[in-house]
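One structure below.
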């Protein structure tokens, strides 16, 4: 069995693991829906001041991003489960390329992130959100979601490999809040000021969110779209690199 076949097998296995039990998928769909409901109602009066004239349209891309965050955040937990159950040790002594263990997991995360983003996009369509770039733009959003999902999952996988502790790995979920909300999630950049605006501009997730928002609500502004993809790629190189280095430390 070559490395491609090994990665494919572990990808399918990882994807099945992340989709079971089915009830475990509900929070990653319910939470974006909850935030969508709360913020669109709380900031409804602001909508008239925004492009598109609707806060629902402005906030809809945030719901997509949150679905990606929630779905990819479970990757570290899945890795800890493999470690504590002994399955990870079995993979290490199996006659396979060790790198396929991490890469297969990452591909599984990418697919799950894209699927859950797609579900949220369907919900948004049903409640009246129009995607400015049509089906092509929606596919690009899914591609960006898959790429960023892998990038974000690298953090959880790294913590899982270094600590081998489920509670510690699960606590990494707290990173979701600053990286999601210290962005242009609530208001556009031109309405933010002071130190908060500075943090928003420094937060790489802002670029990813703005790329999704542009594809969803504005149109084909390639400078913003490409910036989002480049940001996701660079973050992915860093976080996946950390995960692979942590993995090498474990297998020594």
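The values are calculated or read from the model by the stated rules, or taken from the named source; none is laboratory data. Quick caveat: nothing in here was measured; it's all calculated off a predicted structure. Cβ coordinates were reconstructed from backbone atoms using ideal geometry, including for glycine residues, and neighbour counts include every protein chain displayed.
Only residues that are part of a helix (DSSP H, G or I) and under 14 Å from residue 137 (Cα atoms) were counted in the range 210-235, giving 15. Scanning the range 162-176 for residues that are modelled with pLDDT under 90, surrounded by 23 or more Cβ atoms within 10 Å (Cβ to Cβ) and within 28 Å of residue 82 (Cα to Cα) turns up at least one hit. Listed by position, the helices (runs of 4 or more DSSP H) inside the range 157-203 whose residues that are over 16 Å from the mean Cα position of the chain (by Cα) number at least 1 are 166-171, 194-202. Is it the case that the range 67-75 has a residue that's over 19 Å from residue 141 (Cβ atoms) and either part of a helix (DSSP H, G or I) or without any contact (Cβ under 8 Å) to a residue 40 or more places away in the chain (or both)? Looking for residues that are over 19 Å from residue 141 (Cβ atoms) and either part of a helix (DSSP H, G or I) or without any contact (Cβ under 8 Å) to a residue 40 or more places away in the chain (or both), one finds at least one in the range 67-75, hence yes.
Modelled with pLDDT of 90 or more, over 20 Å from residue 105 (Cβ atoms) and in a helix (DSSP H, G or I): is that true of residue 143 in this structure? I'd like the intermediate steps shown before the answer.
Details: modelled with pLDDT of 90 or more: yes; over 20 Å from residue 105 (Cβ atoms): no; in a helix (DSSP H, G or I): yes.
No.
Of the set (1) at pLDDT below 80; (2) surrounded by fewer than 16 Cβ atoms within 10 Å (Cβ to Cβ); (3) under 15 Å from residue 186 (Cβ atoms), all apply to residue 19 but (3). Residue 40 meets each of the listed conditions (1) surrounded by fewer than 18 Cβ atoms within 10 Å (Cβ to Cβ); (2) over 17 Å from the mean Cα position of the chain (by Cα); (3) at pLDDT below 80 apart from (1).
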